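The structure appears below as structure tokens.
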């Protein structure tokens, strides 16, 4: 009976983990630029000092991210931007290191720093600072131009350029802060991607989440039923063991 318990117990744990992933996706259905999390599980033999060829457990298998582009929604706000193709916007994380996002609702703080959800947007020489109270315009290559208060169009000047990158065949990894980065190298370092001149922006629109609310709800129901099934197996195995013990005690 214990081999059934091994499988059902580990299956129930992975079912709970899957529910957590689906719940996270469902809560971000309306988050701009969100990339859904993927979850997979597989059976593996139980490892130990003694051979346990008849014992198996279930573990997460290469969980990752769905990089399918989300829908583009027109907003009419000039500083809502959507990144074309497989490009990404470079921002600074909480440690001051470079990370990447597809979210494009730009904001300007009280110091004139260009931000995305509280993260400074990275330019050619670090975070981008724009003149306060100036009229700003954004080019499709990420170049920011400004006209000072009371000045004419002839006074327009470039004040920075948003760093746009394309990882190409490299796979980005999601951090706990929701930002993406390249995987660590053998020395534990994370390289920054170079500026990609081919990446373009579309202003006045935002990329939506690539999570489907309907599919996420179906996955949630499926995960809940899978978890209930594993608990039912555990309960049945326990009942069978108790009955077997009763039979053996009568025979003894």
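The test for being part of a loop (DSSP other than H, G, I, E, B) and free of Cβ contacts under 8 Å to residues at least 40 places away in the same chain does not hold for residue 140.
Here is a list: 177, 93, 158. Which entry is touching a strand residue (DSSP E or B) at 6+ places or on another chain (Cβ under 7 Å) and closer than 23 Å to residue 207 by Cα? Let's see the steps before the verdict.
Values: 177 fails: touching a strand residue (DSSP E or B) at 6+ places or on another chain (Cβ under 7 Å); 158 fails: closer than 23 Å to residue 207 by Cα.
The unique qualifying residue is 93.
Which residue out of 167, 183, 153 is in contact with a strand residue (DSSP E or B) (Cβ under 8 Å, 6 or more places away or on another chain), loosely packed, with under 12 Cβ neighbours inside 10 Å and closer than 30 Å to residue 30 by Cα?
183
Which one is nearest to residue 104 (Cα to Cα) among residues in region 119-130 that are in a loop (DSSP other than H, G, I, E, B) and at pLDDT 90 or above? Taking the candidates together, the pick is 128. Filtered by the rule that a residue be farther than 18 Å from residue 105 by Cβ, assigned to a loop (DSSP other than H, G, I, E, B) and touching a helix residue (DSSP H, G or I) at 6+ places or on another chain (Cβ under 7 Å), region 15-41 gives 36, 39.
Taking the condition assigned to a loop (DSSP other than H, G, I, E, B), modelled with pLDDT under 90 and assigned by TED's automatic domain parsing to the domain that holds residue 176, does residue 78 pass? Yes, satisfied.
The values are calculated or read from the model by the stated rules, or taken from the named source; none is laboratory data. This is a predicted model, so every value here is computed, not measured. In this analysis, Cβ positions are derived from the backbone assuming ideal geometry, glycine residues included, and neighbour counts consider all displayed protein chains.
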